[in-house]
Amino acid sequence: METFDYDDIQLVPNKCIIKSRSEADTSVKFGPKTFKIPVVPANMESVIDEDLAIWLAQNDYYYVMHRFQPEDRADFVKRMHDRGLFASISVGIKDSEYDFIDQLKSEHLVPEYITIDVAHGHSDYVIKMIRYIKQQLPESFLTAGNVATPEAVRELENAGADATKVGVGPGKACITKLKTGFGTGGWQLAALRLCSKAASKPLIADGGIRHNGDIAKSVRFGASMVMIGSLLAGHQESPGHLITIDGKRYKQYWGSASEVQKGAYRNVEGKQMLVPFRGSIKDTLLEMQEDLQSSISYAGGRDLKSITKVDYVVVKNSILNGDY
């Protein structure tokens, strides 16, 4: 099996057909809505909160609210709908989550998007939850994950998932690969490529994004949407505390399976870290859009589809030769 990751790949340019990169269309239809760019902040408590979710929805960006205040989720859906905005929530697979789905149905609260958010999503219990949600809330666009293999994608799709999320432990705040020996750390992009060959529905690439160019690489290898944690965590709008060390500013960032998140040291597969403070998330998302427009111009097209057709070369880590 050919394995590679983001730093091992360069995309090969095609003849440019647009005069300015501003002509390139980065929009993507995902589920019932169309968004400005194929990027979604990770559904982690150190990346997204309600204020940021509101701003993202108002500005045509996709978001997924985290699941770490479970008792507030129904009210969150109500509040988003009261504002005329779409609701996008996360659920787990505990028994209490079935009661929550029943509550949403009985109160006629139908979120436009639901994400089943489980570290190892290729599971009988995830399949059971997919079937239950599709039976109770068939109008919700349902993403399930996380997975690492084509078999997992096929099984979750066949169970009724509308999209699957690919990535087991490649994230910066994730130590699954070190603690368990398993995961897609170091070959996340190759895992995405394999999964895309089996997929008949959209994929979200989740984890391992270190540079804006990695978004284009994810699209090339089959992602409809790219979930980003650490690159979107260090902003004024990010929930983590702002910390100054030796005159430099940082934001706290922690993994969903970290001791910080769990409140106890058990089955820990995440860590806490500091990421450099990057100002407003609005500027970062705009920069991601502009870089993606440049990617489209290099791909020789006018929209994201052109990126999916380009050739690539495997350069095995030489891209960053001496850069940092």
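The values are calculated or read from the model by the stated rules, or taken from the named source; none is laboratory data. What you see is a predicted model; the values in this text were computed from it and never measured. A quick note on method: Cβ atoms are made from the backbone with ideal geometry, for glycine too, and the neighbour counts reach across all protein chains shown. Accessible surface areas use protein heavy atoms only, side chains included; no ligands, DNA or RNA. Shrake-Rupley method; radii C 1.70, N 1.55, O 1.52, S 1.80 Å.
Residues whose amide H lies under 5 Å from that of TYR312, counting only those 5 or more places away or on a different chain, are VAL12; hydrogens are built 1.01 Å from N in the peptide plane.
Convex hull volume of the Cα atoms of the stretch 60-204, normalised per residue: 121 Å³.
Once you compute Rg and the Kirkwood Rh from C-alpha atoms, what is the Rg to Rh ratio for the stretch 1-103?
My calculation of the ratio gives 1.10.
For the stretch 49-157, trypsin sites (Lys or Arg not before Pro) meeting the loop criterion (DSSP other than H, G, I, E, B) and having at most 13 other Cβ atoms within 10 Å: ARG83, LYS94.
If the only charges are +1 at each Lys and Arg Cβ and -1 at each Asp and Glu Cβ, what is the size of the charge dipole of the stretch 4-312 around the Cα centre, to the nearest 20 debye?
740 debye
Name the GluC sites (Glu not before Pro) in the stretch 93-146 that are in a loop by DSSP and that have at most 15 other C-beta atoms within 10 Å, would you? Passing both the DSSP loop test and the Cβ count: GLU107, GLU139.
Note on the chain: helix-only mean residue ellipticity at 222 nm, from DSSP H runs of 4+ residues weighted -39500 (n - 2.57) and normalised by residue number, equals -9000 deg cm²/dmol. Out of the total accessible area of the chain (probe 1.4 Å, heavy atoms of protein only), what percent is carbon and sulfur? Carbon with sulfur: 48 percent of the solvent-accessible area.
How large is the accessible surface per residue of the chain, computed with a 1.4 Å probe and reported in Å² as a whole number?
Averaged over the residues of the chain, the accessible area is 45 Å².
Rg/Rh, computed from the Cα trace of the stretch 4-312 with Rh as the Kirkwood radius, has the value 0.95. Loop-located trypsin sites (Lys or Arg not before Pro) in the stretch 1-35 (DSSP state not H, G, I, E or B) with no more than 12 neighbouring Cβ atoms inside 10 Å: LYS15, LYS19. The amide H of PHE30, built 1.01 Å from its N in the peptide plane, has PHE35 as neighbours under 5 Å, considering only residues 5 or more places off or on other chains.
Restricting the count to DSSP beta bridges whose residues both fall in the chain, what percent are antiparallel, rounded to a multiple of 5? Antiparallel: roughly 40 percent of the beta bridges in the chain.
Note on the stretch 159-264: Rg/Rh from Cα positions, Kirkwood definition for Rh, rounded to two decimals, is 1.02. For a straight C-alpha distance cut-off of 22 angstrom, the lysines reachable from LYS36 (same-chain residues fewer than eight places away being disregarded) are LYS19, LYS165, LYS201, LYS217, LYS282, LYS305, LYS309.
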